[in-house]
1. Please determine whether any residue of region 83-91 is surrounded by 10 or more Cβ atoms within 10 Å (Cβ to Cβ) and assigned to a helix (DSSP H, G or I).
2. Identify, please: which residue in region 1-55 is open to solvent by 90 Å² or more (accessible area, probe 1.4 Å), closer than 30 Å to Ser70 by Cα and not aliphatic (A, V, I, L, M) and is, among those, modelled with the lowest pLDDT?
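The values are calculated or read from the model by the stated rules, or taken from the named source; none is laboratory data. Note that this is a predicted model, so its numbers are computed, not measured. Because the Cβ atoms are built from the backbone with ideal geometry, glycine has one as well, and the counts that use them run over all protein chains shown. Ligands, DNA and RNA are excluded from the accessible area calculation, which covers all protein heavy atoms including side chains. Shrake-Rupley method; radii C 1.70, N 1.55, O 1.52, S 1.80 Å.
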Amino acid sequence: VSGTPRRANQPPFDHDVQGSSSAAHPPEETSDVIVLVCALAIVCVKLGFGLLPLRWRGNDRFLSLANCFSSGVFLCSGLVHLLPEAAASFPPPTP
């Protein structure tokens with residue numbers, strides 16, 4: 001239970017209590033394969049979207065809208081991380 005404190009010599013996760021600890025930790029080879037598949041998928045998606053403008057070279061309106069959308073995403077992600085600091089700097093609302 002998360003509310004009970006741990007003893008000093010108790011490990012943070014005790015998988016042996018519920019039975020097999022092999023289900024909690026997959027073999028090393030399996031995790032390496034998962035990492036390799038995910039990395040390959042990221043490379044394929046990145047390459048595909050990187051080469052996408054070559055396919056729509058004549059469609060300037062679509063590329064302009066995609067550029068505006070991506071600029072908005074980058075601007076939003078750059079400013080959203082400032083919200084917690086800005087909210088903390090304001091005094092609490094009075095009723």
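1. Looking for residues that are surrounded by 10 or more Cβ atoms within 10 Å (Cβ to Cβ) and assigned to a helix (DSSP H, G or I), one finds none in region 83-91, hence no.
2. Taking the candidates together, the pick is Arg55.
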